[in-house]
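Inspection log for the structure reproduced underneath, given as structure tokens.
The values are calculated or read from the model by the stated rules, or taken from the named source; none is laboratory data. Please read all numbers here as calculations on a predicted model, not as lab measurements. Neighbour counts are summed over all protein chains in view; Cβ atoms, including those assigned to glycine, are modelled from backbone coordinates with ideal geometry.
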């Protein structure tokens, strides 16, 4: 898997992703402690609201930002968004009111809503071979696990010698380092083969996404992962501080356990996908993470909270299944669009998958505060299981095969018909595009 790091451009971009996410990991720990400092036991509700604002920025702004970005130089766009994120993070240590947290989170995540899908869409152009790209996805997943594993561990060490406000300085450093690495990378330019109206550029990615069965299934599995992940991200600080009675360092341990499980899954996924289909891996992981969340809630409601070692093991287990759902996503996106449409489809995935978090974040935070933690766990587990069953129904076995279809309306001289020897009735790997505007029903 590490062999793809011999590609200089990918190596630098991957390093940029790692250092930015390490900084973001420090931000996650610091933000949780800041929320607890400002709101006490209501920190889960504050974080739930903050993450909801983050999702609003992602869902509402990313399609528009993606349409604008389609006409801007890629490298300069990525650098500009990193610098904006660094500037906002620099302001966070000085807040003294919850509304200020909300405002700065909105600004920070608005920049991320532009940066992340643009960055993700670069990688398939850097690594065009599917095998290389699959391994790049696993390394990318590992980068996110570094956010959940190494960053909290580093935060725990730093908190032994400094106040948590200084963790925000690490976030600023991460974004600035990322900027420098992108600057020295050879980012491939975005092709401009087709000029489309702005409105079509905004909606094209979602149109392709929602007309592709495997991507509709992916969205449902994303919701299952988001339901379990939202509870971990929103309520871990409350459970560690209020339920278990531990301090700041133990919060880092809990998040590190989640990250360790996710990293273990990401390391094994590339080899597993050589033998098992994406659908099977993702669906089994979605079922597992749903049941684990549901059973945790039932045990908590009937027997009380787990002891601390069991809690850490459970967080690691959720991390395994969470990562197994998310890691193959890029393969499906790459397979479901032509190169010129990939940025739009990645942007659609970014917006639609975060719409799932827009639902689950406030549920996780406010249900735990207004009702109870076990009720929040049971509700999220049930919703995750229902979403998984919906995903299995939307993404049927065999829908990824080459499909027989017909083009009765294309002129005989159309390039697509010429590629298939003038045959209107033909078979090939199917993606939604201007010539294939609806998925074949096969009768």
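Taking the conditions (1) surrounded by 13 or more Cβ atoms within 10 Å (Cβ to Cβ); (2) at pLDDT 65 or above; (3) within 26 Å of residue 277 (Cβ to Cβ) in turn, residue 360 satisfies each one other than (3). Going residue by residue through the stretch 38-50, is there one that turns out to be more than 21 Å from the chain's Cα centre (by Cα), surrounded by fewer than 23 Cβ atoms within 10 Å (Cβ to Cβ) and at positive phi? Looking through the stretch 38-50, at least one residue is more than 21 Å from the chain's Cα centre (by Cα), surrounded by fewer than 23 Cβ atoms within 10 Å (Cβ to Cβ) and at positive phi. Assess whether residue 33 counts as being part of a helix (DSSP H, G or I), touching a helix residue (DSSP H, G or I) at 6+ places or on another chain (Cβ under 9 Å), at pLDDT 75 or above and within 19 Å of residue 255 (Cβ to Cβ). When the stated conditions are applied, residue 33 passes them.
Of all positions in the stretch 97-120, at least one carries a residue that is outside any helix (DSSP H, G or I) and at pLDDT 75 or above. Of all the listed residues (158, 181), the sole one being in a helix (DSSP H, G or I), modelled with pLDDT of 75 or more, surrounded by fewer than 22 Cβ atoms within 10 Å (Cβ to Cβ) and out of contact with any helix residue (DSSP H, G or I) (no Cβ under 6 Å at 6 or more places or on another chain) is 158.
Let's see how each residue does on (1) touching a strand residue (DSSP E or B) at 6+ places or on another chain (Cβ under 6 Å); (2) over 27 Å from residue 344 (Cβ atoms); (3) free of Cβ contacts under 8 Å to residues at least 60 places away in the same chain; (4) assigned to a helix (DSSP H, G or I):
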| position | (1), (2), (3), (4) |
| --- | --- |
| 23 | no, yes, no, yes |
| 44 | no, yes, no, yes |
| 58 | no, no, no, yes |
| 72 | no, no, yes, no |
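Residue 259 meets the conditions (1) surrounded by 21 or more Cβ atoms within 10 Å (Cβ to Cβ); (2) closer than 18 Å to residue 380 by Cα in every case but one. The failed one is (2). In contact with a helix residue (DSSP H, G or I) (Cβ under 6 Å, 6 or more places away or on another chain), surrounded by fewer than 22 Cβ atoms within 10 Å (Cβ to Cβ), on the phi < 0 side of the Ramachandran plot and modelled with pLDDT under 75, is that true of residue 143? Against the criterion (in contact with a helix residue (DSSP H, G or I) (Cβ under 6 Å, 6 or more places away or on another chain), surrounded by fewer than 22 Cβ atoms within 10 Å (Cβ to Cβ), on the phi < 0 side of the Ramachandran plot and modelled with pLDDT under 75), residue 143 qualifies. One residue alone among 257, 227 is at pLDDT below 90, in a helix (DSSP H, G or I) and closer than 27 Å to residue 29 by Cβ, and that residue is 257. Looking at residue 219, is it within 24 Å of the chain's Cα centre (by Cα), outside any loop (DSSP other than H, G, I, E, B), modelled with pLDDT of 85 or more and at negative phi? So residue 219 fits the description; yes. Going by what's in this entry, would residue 248 be described as closer than 26 Å to residue 364 by Cβ and at pLDDT below 85? Yes; evaluated as a whole, the condition is true for this residue.
With respect to the conditions (1) crowded, with 19+ Cβ neighbours inside 10 Å; (2) under 24 Å from residue 240 (Cα atoms); (3) in contact (Cβ under 8 Å) with a residue 24 or more places away in the chain, residue 285 falls short on a single one, namely (2). Against the definition (touching a helix residue (DSSP H, G or I) at 6+ places or on another chain (Cβ under 9 Å), farther than 30 Å from residue 377 by Cβ and either at pLDDT 85 or above or crowded, with 22+ Cβ neighbours inside 10 Å (or both)), how does residue 213 come out, yes or no? Against the criterion (touching a helix residue (DSSP H, G or I) at 6+ places or on another chain (Cβ under 9 Å), farther than 30 Å from residue 377 by Cβ and either at pLDDT 85 or above or crowded, with 22+ Cβ neighbours inside 10 Å (or both)), residue 213 qualifies.
It is to be established whether one or more residues within the stretch 343-366 are out of contact with any helix residue (DSSP H, G or I) (no Cβ under 8 Å at 6 or more places or on another chain) and in contact (Cβ under 8 Å) with a residue 60 or more places away in the chain.
Scanning the stretch 343-366 turns up no residue that is out of contact with any helix residue (DSSP H, G or I) (no Cβ under 8 Å at 6 or more places or on another chain) and in contact (Cβ under 8 Å) with a residue 60 or more places away in the chain.
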